[in-house]
Amino acid sequence: MSPIRSATAAALASAVLATTLTGCQFGAEEQDTSPIVIAADLELSGAAAPVGKAYQRALELKVDQLNSSGALNGRKIELKVKDNRSDASESLRNISEFSEDAQVSAIIMGGCNECAVGAARTIDEKRIPTIALAASGAVAEPVAERRYVFKLAPNAADSAAALTAELRRAGIRKVGVLHSDDDYGREGLAALRREFDKANVRSQREVAVPSTATEVGQQVGVLTARDPDALVVWTPPEQATLAATSAQQAGFKGALFFDASAAGDLFLGTAARATERATLIFTQTMVIDDVIATTPAKAARRQWFQDYTARFGGYHGSSSFAADAVQLIADAELRAGGPAGQVNRDGIRDVLETSQMDGLSGPIRMTPDNHSGLMPQALTTLVARNGRWRLAG
């Protein structure tokens, strides 16, 4: 076993076992060997299927790792997955069915903002802990109406601040903004405007595009016609790739800047030439093979990257959010306590609300006032070079 793999396995075991020693050190209670059942509502078909399938792969890999680690005190995780077909109504039906299953400890939802926001009321009424991987702030806010809902994805305000800092560093003053025509896109546009005002960056024009659009050439043409210094793209991965290709075809010579929602595969494939030297705001794990593993957390991220790549032949940026959601739920289940074989959903919720860990995605901190756990420090600057994302600098 390599030193990194050994250190990672030890860190994984200690991270989970440390939370369970208090409850079992006296040996008075019967050991609970019941399965930890985690349900997942994912976009496995429809417009968002590429990201949904990446989440599914990540969930399955993380479950396999935890089950084989010996860190679950004799228990195993079982994963129940339903396809929401990228449709909020189907997603709500899945959530309702999962919540009626007394064996289900918690739910992980995919990247569909509309699905997570639409299900929030039902989730709270059914009192089932849920971690959504969607980016919209409305997923986890207001907290008073989202007591059982938590979020693991970059926040719009953090992404906008980091992106604008890079624009300022590059001396860029005039930009065009292409954003998705949904809650997260509008939230991002508002965040960008606030940051632009502080940094003296002028947005010449802002154009919305449906998140399901398969053609963005017209919108990109409108933006590039004003010859901005840079094009800011705040869309899902598929539209970001289309935007880069359309800008190249339009002869645009300015810079490309992508927010975290645009992160997809590590390797850029046919879009490599169009995205060369583009900037992406995202988590370090996407390019952890460029980073020296100087801490246990970095070693764990590097091992995750290698394991995912070895199993699936590539790497998807958002996979670490799904893996962290599994870790948080498993940890909360073990800490929540309760009679053996019975799910303590309220206890799991309470633990999730104060969870802290250095996750695969970066530092995660949940509080009673903030259910969106990914810290701003998790974001860094990546640059596209020779057909893949690299750490900037």
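Residues being open to solvent by less than 60 Å² (accessible area, probe 1.4 Å) and assigned to a loop (DSSP other than H, G, I, E, B): count how many of those fall in region 193-222.
4
Which is among the hydroxyl-bearing types (Ser, Thr, Tyr) and out of contact with any Asp or Glu (no Cβ under 8 Å at 6 or more places or on another chain), of THR294, THR381, THR279?
It is THR294.
If you scan region 344-393, which residues turn out to be acidic (Asp, Glu) and in a strand (DSSP E or B)?
Scanning region 344-393 gives a single hit, ASP358.
Among what's in region 223-238 and is within 25 Å of LEU391 (Cβ to Cβ) and open to solvent by 10 Å² or more (accessible area, probe 1.4 Å), pick the residue that is farthest from the chain's Cα centre (by Cα).
Among those that are within 25 Å of LEU391 (Cβ to Cβ) and open to solvent by 10 Å² or more (accessible area, probe 1.4 Å), it is ASP229.
On the basis of being open to solvent by less than 10 Å² (accessible area, probe 1.4 Å) and among the charged types (D, E, K, R), does LYS126 make the cut?
It is false that LYS126 is open to solvent by less than 10 Å² (accessible area, probe 1.4 Å) and among the charged types (D, E, K, R).
For residues in region 315-343 being open to solvent by less than 10 Å² (accessible area, probe 1.4 Å) and either of a type in the set (Asp, Glu) or in a loop (DSSP other than H, G, I, E, B) (or both), which is nearest to GLU43 (Cα to Cα)?
GLY317
Before we move on, is ASP158 of a type in the set (D, E, K, R), open to solvent by 10 Å² or more (accessible area, probe 1.4 Å) and assigned to a loop (DSSP other than H, G, I, E, B)?
No: the conditions fail for ASP158.
Considering region 161-174 alone, what residues qualify as being in contact (Cβ under 8 Å) with a residue 60 or more places away in the chain and either part of a helix (DSSP H, G or I) or open to solvent by less than 60 Å² (accessible area, probe 1.4 Å) (or both)?
ALA161, ALA162, LEU163, GLU166, LEU167, ILE172
Which one of these does ASP346 not meet: (1) open to solvent by 40 Å² or more (accessible area, probe 1.4 Å); (2) within 19 Å of the chain's Cα centre (by Cα)?
All conditions are met except number (2).
The values are calculated or read from the model by the stated rules, or taken from the named source; none is laboratory data. Predicted model only: the values in this text are computed from it and were never measured. Every residue, glycine as well, gets a Cβ built from its backbone with ideal geometry; the counts of neighbours run over all protein chains shown. In case anyone asks, the SASA skips ligands and DNA or RNA and just uses the protein heavy atoms, side chains included. Shrake-Rupley method; radii C 1.70, N 1.55, O 1.52, S 1.80 Å.
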